[in-house]
Amino acid sequence: MRIPGPDEIRALHERYAPTAEAFDLVHQHCEIVWSVAQQLLSDPRLSHVDAELVRAGCLLHDIGVYRLYGADGRLDHRNYVRHGLLGHEILEREELPETLRRFCSHHTGVGLTRDDILKQGLPLPPADYLAETVEERLVMYADKFHTKSRPSSFLSPEEYRDHVRRFGEDKVTAFEALRAEFGDPDLARPVRPHGAAALPFAHRPAEEF
């Protein structure tokens, strides 16, 4: 399977971003998520993980967000949960393999189930959107520590755990399983996306995941 590199993925972001501001927000978030994942990959326990695939997954996972910007430049927060499937559609149009498309459609929260969608009335086709491979789980997990609504700060594991509790104790259990698998990133250590200044660690409330 051919895995696109950072420059090719950046070009995709530039192609689909409706504005320079949207590009900066989404692409930098994706780079930060890759930086978090890269730090976690330094653990010898994860030496079997395909780092190149994780990098592509991190850099592509939120590309569907661009399709939620309206003509007025505002983000459609009401339908934000659809961004994963929208990204899946973009990568399908670009003829990228299903392995890469799944990083878009299977990273939301700690996994969406058919039951979640039906009970919450989410605007998604009822199905299970769960991270299955170790690479998918790592991308999903690294994404939990940074949110585009607070781009200059990080979320601690405890903050995300408290946030996800509102969706049920089963989601807390799923998040703690990810922590056990991958460990906690050192967010006190600056995480530096490519071409950007290091981000300071700060505790902020979470709004988008």
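Computed from the coordinates by the stated procedures, all read-outs in this text should not be read as laboratory data. Worth saying up front: this structure is predicted, and the values here are computed from it rather than measured. Cβ: placed from backbone, ideal geometry, glycine included. Neighbour counts: every protein chain shown.
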note = Per DSSP, the loop-located trypsin sites (Lys or Arg not before Pro) within the stretch 1-82 having at most 15 other beta carbons within 10 Å are 2, 74
message = Could you derive backbone 3J(HN,Hα) for the stretch 136-141 from the dihedral phi with the Karplus parameters 6.51, -1.76 and 1.60 (θ = phi - 60°), listing whole Hz in sequence and x where the residue is Gly or Pro?
response = 5, 5, 5, 4, 4, 5
ask   = Counting each DSSP H run of 4 or more residues in the chain as -39500 (n - 2.57), what helix-only mean residue ellipticity at 222 nm follows after dividing by all residues, to the nearest 500 deg cm²/dmol?
value = -14500 deg cm²/dmol
task = Taking amide H positions as placed in the peptide plane 1.01 Å from N, state which residues far from residue 154 in sequence (5 or more) or on other chains have amide H under 5 Å from it.
result = 202
Among 90, 63, 117: highest mean-square fluctuation, GNM of the chain, C-alpha pairs under 10 Å = 117
query = When the Cα atoms of the chain are enclosed in a convex hull and the volume is divided per residue, what value in Å³ results?
reply = 117
ask   = For residue 76, what is the net charge nearby, where nearby means another residue's Cβ is under 10 Å from its Cβ and Lys, Arg count +1, Asp, Glu -1?
value = +4
request  = Would you mind working out the magnitude of the charge dipole of the chain relative to its Cα centre, with +1 at each Lys and Arg C-beta and -1 at each Asp and Glu C-beta, to the nearest 20 Debye?
outcome  = 360
task = Report the percentage of all Cα-Cα pairs in the stretch 1-90 whose separation exceeds 20 Å, rounded to a whole percent.
result = 38
note = Mean-square fluctuation maximum in Gaussian network of the chain, Cα pairs under 10 Å, restricted to 161, 114, 102, hits 114
query = Got a sec? Charge dipole of the stretch 6-182, +1 on Cβ for Lys and Arg, -1 for Asp and Glu; which of 178, 103, 168 is way out at the positive end?
reply = 168
query = When the chain is modelled as a GNM with alpha-carbon springs shorter than 10 Å, which of 167, 175, 103 fluctuates the most?
reply = 167
